[in-house]
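Notes for the one structure printed next.
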Amino acid sequence: MEPTAKTTAPQTADACDCVSACFLQSNDNTLPSDVALDCQVEKIYYGDFLAVRDSYVPIRKNQITGFIGPSGCGKSTVLKSINRMNDLIRGFRFEGKVHFHGMDIYDKKIDPVSVRRNIGMVFQQPNPFALSIYENVAFGLRLNRYKGNMDEQVEKALRSAALWDEVKNKLKNNGLSLSGGQQQRLCIARAIATEPRVLLMDEPCSALDPIATRQIEELMIQLKERYTVAIVTHNMQQAVRVADQTAFFAVDISSGGRTGYLVEMSPTKQLFENPQQKLTKEYLHGDFS
């Protein structure tokens, strides 16, 4: 999918700050106390193509929610809808609601940039900028006109990403000089430097070796103490290792197309040991992938 060539004019920094403050100050009495964010997907389209339907996914506070399912089932599409990353794709249309801190993030008065300040994202491939390690982490802080101690915030983010001890003496080195696993942790540091409430991770270990994967998984478990985390993974054992809740998506081909939808969601142990839906059982048993 290509990014849209035409975008709406951005709001002023003061306007964005005002909307961000609304997220931080509002109390959502419409959600259960343990739910940080409630994603209610009715339909997601790319042009005329119905990509996802009928997927209601509550993301619980300070837990890791895993999205699993076969290729093309819409799990990454749903994940990226949670912070409106899909807005950048031509033809994207969302029907439904995403409740976060008492507000629907798809409300017309909500600026997507403000959403992404509060709901961070880490992508499948490590994507550090061609900047120093320090400037990679400071990038979002500078963009958001951070007024605190920049050095302290960069160090805090690198420590939270379990990277500080490995890079503290080479902060001026290019971020691209790091190993793949280190680059992904640098991207995590960049994402959490602005202190979002929720962290989304789209297959963050798919391009990493087993040792780096283990480091990222251990880091995710540490991060959930401070953040709410949602992760897409093709590795079912990874979901078992790190996820507290797991949502299983499948593909509906009954109408001749390929439309993803949520089949079942429950605590991870329950879903893997006692799935309630026949389709879930077949997927977990390897009958299809």
Q) Along region 153-161, what does the Karplus equation 6.51 cos²θ - 1.76 cosθ + 1.60 (θ = phi - 60°) give for ³J(HN,Hα), rounded to whole Hz, x for Gly and Pro? A) 5, 5, 4, 4, 5, 5, 5, 5, 8
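Given the Cα-Cα distance of Glu42 and His285 and 0.36 nm per residue of separation, how much length would full extension add, in nm?
Working: separation 243, 0.36 × 243 = 87.48 nm, distance 2.87 nm.
Between Glu42 and His285, full extension yields 84.6 nm more.
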(Q) Please compare each pair in Lys108/Lys224; Lys109/Lys224; Lys80/Lys269; Lys43/Lys80; Lys80/Lys224; Lys80/Lys168 to a cut-off of 21 Å on the Cα-Cα distance and tell me which ones are over it. (A) Lys108/Lys224; Lys109/Lys224; Lys80/Lys269; Lys80/Lys168
Q | Positive-end residue, the chain charge dipole about Cα centroid, Cβ charges, pick of Pro128, Met236, Val115 | A | Pro128
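Roughly speaking, what is the stretch gain from Arg159 to Gln125, that is 0.36 nm per residue apart minus the C-alpha to C-alpha distance, in nm to one decimal? Don't skip to the end; give the middle numbers.
Working: separation 34, 0.36 × 34 = 12.24 nm, distance 2.14 nm.
Residue separation times 0.36 nm, minus the Cα-Cα distance, leaves 10.1 nm.
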Q: Return the single residue from Ala250, Ala189, Ala212 with maximal mean-square fluctuation; model: Gaussian network over the chain, springs between Cα atoms under 10 Å.
A: Ala212
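Placing +1 at every Lys and Arg Cβ and -1 at every Asp and Glu Cβ, with all other atoms neutral, what dipole size does region 142-248 have around its Cα centre, in debye to the nearest 20? If you can, show how the numbers build up before the last one.
Values: 15 positive and 13 negative charges, 92 e Å.
I would put it at about 440 debye.
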**Q.** Simple label model, 7 Å out from Cα along Cβ direction - Leu88 to Lys278, nm
**A.** 4.2 nm
(Q) Would you work out the Kirkwood radius for region 81-232? I mean one over the mean of 1/r across all pairs of different Cα atoms, in Å. (A) 16.1 Å
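Could you order peptides 81-90, 161-170 by the average number of other Cβ atoms within 10 Å of their residues, highest first? Numbers along the way, then the final one.
Numbers: 81-90: 19.6, 161-170: 16.3.
Top to bottom by mean Cβ count within 10 Å: 81-90, 161-170.
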Q: Mind listing the long-range amide H neighbours of Phe249? Cut-off is under 5 Å, sequence gap 5 or more, other chains count too, H placed in the peptide plane at 1.01 Å from N.
A: Ile68, Gly69, Val263
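What dipole magnitude, in Debye to the nearest 20, does the chain give about its Cα centre under +1 on Lys/Arg Cβ and -1 on Asp/Glu Cβ?
460 debye
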Q: Obtain the nm distance between the two label points defined at Asp104 and Gln237 by a simple spin-label model: each point lies 7 Å from its Cα along the Cα-to-C-beta direction.
A: 4.3 nm
Q. Say the dipole of the chain comes from +1 at the beta carbon of Lys and Arg and -1 at that of Asp and Glu; which of Val52, Leu223, Ser160 then lies farthest toward its positive end?
A. Ser160
(Q) Need one number: nm distance between label points at Lys168 and Phe49, each 7 Å from Cα along Cα→Cβ, rounded to one decimal. (A) 4.8 nm
Q | Taking Glu155, Glu282 and counting other C-beta atoms within 10 Å, the order from fewest to most | A | Glu282, Glu155
Q: Just need the Rg to Rh number for region 191-289, please, alpha carbons only, Kirkwood Rh.
A: 1.01
Q.
How much length would be gained if the chain were fully extended between Asp244 and Tyr56, taking 0.36 nm per residue of separation minus their Cα-Cα distance, in nm to one decimal?
A. 66.0 nm
Q. Given H placed 1.01 Å from N in the peptide plane, which residues other than close sequence neighbours of Asn62 have an amide H under 5 Å from its amide H?
A. Thr228, Val229
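Taking the Kirkwood radius as the inverse of the mean 1/r across Cα pairs, report the Rg/Rh of the chain. Working shown, then result.
Numbers: Rg = 18.9 Å, Rh = 19.7 Å.
Using Cα coordinates only, the ratio equals 0.96.
Helix-only estimate, please: 222 nm mean residue ellipticity of the chain, summing -39500 (n - 2.57) across DSSP H runs of length 4 or more and dividing by its residues, to the nearest 500. Kindly include the intermediate steps, with their values, before the conclusion.
Details: 11 runs with 100 residues, N = 289.
Computed mean residue ellipticity for the chain: -10000 deg cm²/dmol.
Here, each number is a calculation from the coordinates, and none is a lab measurement. Please read these numbers as outputs of a predicted model, since none were measured by experiment. Positions of Cβ are generated from backbone atoms using ideal geometry, with glycine treated the same way; all protein chains shown enter the neighbour counts.
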